[in-house]
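Chemist: Structure in structure tokens, see below.
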Amino acid sequence: MANPLYVTPLNQPFWVITRVTGCPLYIETDEAKYSVEPGQALIIPAHTRYRIKPLGREYVTHWLNMNLILFDHLDLLHTLKTPYVTTVSAGNKIGRLHGEITGLMNREHARGRASLIAMLQLKRRIYSLLELIMSFPDVNFATVEEIGKFERFRPVLSHIERHLAGNIKVSRLAELMYISNSHFYKEFQEAFGLPPMQYFSQQRLRKAQYLLATTDLTIKEIGNRGGYGNPYSFNRFFKSMHGSSPGQYKKTAANSMHSIPF
């Protein structure tokens, strides 16, 4: 079999929920390939590099992009590290909810009471989608214990978020939790799986990815928000962390967002 021609790799800063109709698709990540049959839905975690290959001439995908974040940092679906393929039955339910959510989001002319009702209906559909995803086998949400752990670190995470454009010191983060530097370093590593400064760099990258994908800010402006005074420094940081330049990422993200019917 000849090497398949995949589309440009995608890597988006939000969860992707898509339902396939028409012909089957292959979804390829850096670790594995997934076959998605017509009627099935696919859940792709945020910051997952993937490619799409249709196995026929005609196919249709319906996309939703979502962020399921608590305290600005805790991803409710963080235990799901790889794409998840649903059953056809679940895919049909996702397809129905997608249509309703899209319709409510496109109510551009709603005013006053009608606008409020549409917003409440939209939230109800999103919660229904969330409840459906929670019911899938092997899809685990953050536990109460994990939420409590993140709540304990909330002052630290808020400090990091406020200073993404500047510098931070581990000693200051430890002060916020009233513990020694060594104890803080150990507890942070156990909680987040990364040393504090590496986590700081990761958050800078993710903020940059989000701004590149969702705003019209220039690369220089986005770099400034991440504490990089010139585009060269930002480009070098982004490429070392992500593997492509900010410009390449912005172009790919724009193309993928253009194909999403919102």
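Chemist: Could you derive backbone 3J(HN,Hα) for region 116-122 from the dihedral phi with the Karplus parameters 6.51, -1.76 and 1.60 (θ = phi - 60°), listing whole Hz in sequence and x where the residue is Gly or Pro?
Modeler: Once θ is set to phi - 60°, the couplings for region 116-122 become 5, 4, 4, 5, 5, 5, 5 Hz.
Chemist: Okay, moving on. Just subtract the alpha-carbon distance of Asn235 and Leu130 from 0.36 nm times their residue separation and send over the number in nm, one decimal. Walk me through the numbers on the way to the answer.
Modeler: Details: separation 105, 0.36 × 105 = 37.80 nm, distance 3.61 nm.
Value of the extension gain: 34.2 nm.
Chemist: Work out, step by step, the length gained on full extension between Lys149 and Ser244: first 0.36 nm times the residue separation, then minus their alpha carbon distance; give nm to one decimal.
Modeler: 30.8 nm
Chemist: Cross-link partners among lysines for Lys251, C-alpha distance below 23 Å, same-chain residues fewer than 8 apart left out?
Modeler: Answer for Lys251, where 23 Å is the Cα cut-off: Lys53, Lys207, Lys220, Lys239, listed by chain and number.
Chemist: Now for a different question. Using the basic label-point model (7 angstrom from Cα toward the beta carbon), what is the His159 to Lys220 distance in nanometres?
Modeler: 3.4
Chemist: Okay, moving on. Once you have the Cα-Cα distance between Leu194 and Ile168, take 0.36 nm times their residue separation minus that, and quote the gain in nm to one decimal.
Modeler: Values: separation 26, 0.36 × 26 = 9.36 nm, distance 1.56 nm.
Gain on extension, Leu194 to Ile168, equals 7.8 nm.
Chemist: Which of the trypsin sites (Lys or Arg not before Pro) found in region 157-262 are loop residues per DSSP with 16 or fewer other Cβ atoms within 10 Å of their Cβ?
Modeler: Lys169
Chemist: For the pair Ser182/Leu120, report the inter-label distance in nm, with labels modelled 7 Å from Cα in the Cβ direction.
Modeler: Placing both labels 7 Å beyond Cα along the Cβ direction yields 5.7 nm.
Values quoted throughout were computed directly from the atomic coordinates according to the rules given, and no laboratory measurement underlies them. As the structure is a computational prediction, the values presented were derived from the model and not from experiment. With ideal geometry, Cβ positions are generated from the backbone for all residues, glycine too; neighbour counts draw on all protein chains shown.
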